[in-house]
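Undergrad: Mind having a look at this structure? Questions to follow.
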Amino acid sequence: MITSNDIWVIGDKQIKYDLALLSKAHSMAEVCAGKVFAVMLYETDPDYCIRAGADEVYLLQGLEKIADDAAIAHALASLLRENRPGTVLFQATVRGRAIAPAVAALLSTGLTADCIDLKMEESGLLLQKRPALGDSIIAEIVCDKLRPQMATVRPGVLEDPTFQEKRTGKVSIIPIEINALVTKTGFMPAQSSELLSEAKIIIAGGVGIGSREGFEYLREIALQIGGCVGASRAAVDAGYAPYTWQIGQTGIAVKPNLYIAVGISGAVHHLVGMNASDYIVAINRDAKAPILQYADYAIVGEWRHILEQWFLSYQERKVCI
Ligand SMILES: Cc1cc2nc3c(=O)[nH]c(=O)nc-3n(C[C@H](O)[C@H](O)[C@H](O)COP(=O)(O)OP(=O)(O)OC[C@H]3O[C@@H](n4cnc5c(N)ncnc54)[C@H](O)[C@@H]3O)c2cc1C
């Protein structure tokens, strides 16, 4: 594939990092006499991209509701086939990590994932630096035979963007039509492990919860009381909750003010992850469940019945207040 020394930066909804990558691309393009193209997958002000270093900005339209990374990869690959830049850079975000390898495969080229630095040679060869061998060395990787050379770059590793107020550039709106298998219908914020490890209130479910729907119920309660949801490993293994919610020896350790253990037996592997909580409330239908011995408040009974009573009166109290 005959290519130019142009550099394409695929902007992925993290404007701060996209602009830093554009500034980096600009300084590299000066070395190899190429142009910088910002290809934005989201609606954004193209002036920022130009001032950060883009010579041309492509605003791709029609992707707002598309949640199908493979379909986006196909659309990008056909744009790249038409325009043939020498270098294509993505953010190593969740989406960038999904789309970039698919694009590389479609173009039969290589990809260096998770770079921490990039350098351009005059010839247009990209030196891609990333940790390797269990982070014990920094490897410098080149893709000397295939084009485009592609890399994802870890967000936050590059210097802040430098803006040149007087820069000018061209802006093109490119409508993209995609027959996506997956479209976005709504948005539900995910609960990350970081949030869970810092939560002051945790309501954690075990296999006794019995279903994903049961965990949805716990989540509704957690939202109401300003807490997070946790899970035992057995509940995660049963597919009721994601691994990021797992608390215990092979999950995360938590230390909230209030830990409500629901349908959890209290195996030692679970206890090590939560027994530093200030107050533990345990709900279990088995009066002999070990967790009840560790609880400040032990409630024996069917979990749903107890929670419905408890949170109904909590809501009523809130209305009264
Ligand atoms: C190396 C290793 C690492 C591990 N790491 C972890 C870890 O990080 N975290 C972790 O949690 N586990 C871990 N485990 C697994 C752990 O040993 C237990 O198997 C697990 O914690 C049990 O989960 P559970 O309490 O949800 O399930 P169970 O032990 O099956 O308990 C379910 C409880 O729900 C109660 N119940 C059932 N129905 C109801 C109802 N309707 N209402 C009220 N109560 C009800 C039952 O009485 C029972 O007490 C690990 C195991 C190993 C070997």
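The values are calculated or read from the model by the stated rules, or taken from the named source; none is laboratory data. As the structure is a computational prediction, the values presented were derived from the model and not from experiment. Note that we place each Cβ from the backbone using ideal geometry, even for glycine, and neighbour counts take in every protein chain shown.
Undergrad: Using the structure shown, decide if Lys170 is modelled with pLDDT under 95, basic (Lys, Arg), away from the ligand (no atom under 16 Å from the Cβ) and loosely packed, with under 14 Cβ neighbours inside 10 Å.
TA: no
Undergrad: Still on this structure, please answer the following. Conditions first: (1) part of a loop (DSSP other than H, G, I, E, B); (2) near the ligand (Cβ under 8 Å from one of its atoms). Asn275 passes all but one, so which condition is the exception?
TA: (2)
Undergrad: Being exposed (fewer than 12 other Cβ atoms within 10 Å of the Cβ), outside the structural domain of Arg219 (by TED's automatic domain parsing) and closer than 30 Å to Ser232 by Cβ narrows it down to one residue among Gly134, Gly186; which is it?
TA: The match here is Gly186.
Undergrad: Within region 293-307, how many residues turn out to be in a helix (DSSP H, G or I), without any contact (Cβ under 8 Å) to a residue 60 or more places away in the chain, more than 9 Å from the ligand (Cβ to nearest atom) and surrounded by 13 or more Cβ atoms within 10 Å (Cβ to Cβ)?
TA: Matching residues across region 293-307 total 1.
Undergrad: Among the numbered criteria (1) in contact (Cβ under 8 Å) with a residue 12 or more places away in the chain; (2) among the aliphatic types (A, V, I, L, M); (3) closer than 18 Å to Lys200 by Cα, which single criterion is violated by Ile264?
TA: Going through (1) in contact (Cβ under 8 Å) with a residue 12 or more places away in the chain; (2) among the aliphatic types (A, V, I, L, M); (3) closer than 18 Å to Lys200 by Cα one by one, Ile264 breaks only (3).
Undergrad: Quick check: is even one residue across region 255-270 charged (D, E, K, R) and within 12 Å of the ligand (Cβ to nearest atom)?
TA: No.
Undergrad: Are there helices (runs of 4 or more DSSP H) fully within region 1-103 with at least 2 residues that are within 15 Å of Ile176 (Cβ to Cβ) and in contact (Cβ under 8 Å) with a residue 12 or more places away in the chain? List them.
TA: Once the helices (runs of 4 or more DSSP H) in region 1-103 are filtered for at least 2 residues that are within 15 Å of Ile176 (Cβ to Cβ) and in contact (Cβ under 8 Å) with a residue 12 or more places away in the chain, what remains is 69-83.
Undergrad: Which residue pairs have Cβ atoms under 6 Å apart, sit 6 or more places apart or on different chains, and have a first residue in region 200-229 that is within 11 Å of the ligand (Cβ to nearest atom) and a second that is of a type in the set (S, T, N, Q) and modelled with pLDDT of 95 or more?
TA: Listed pairs, sorted by first residue: Gly206/Ser232.
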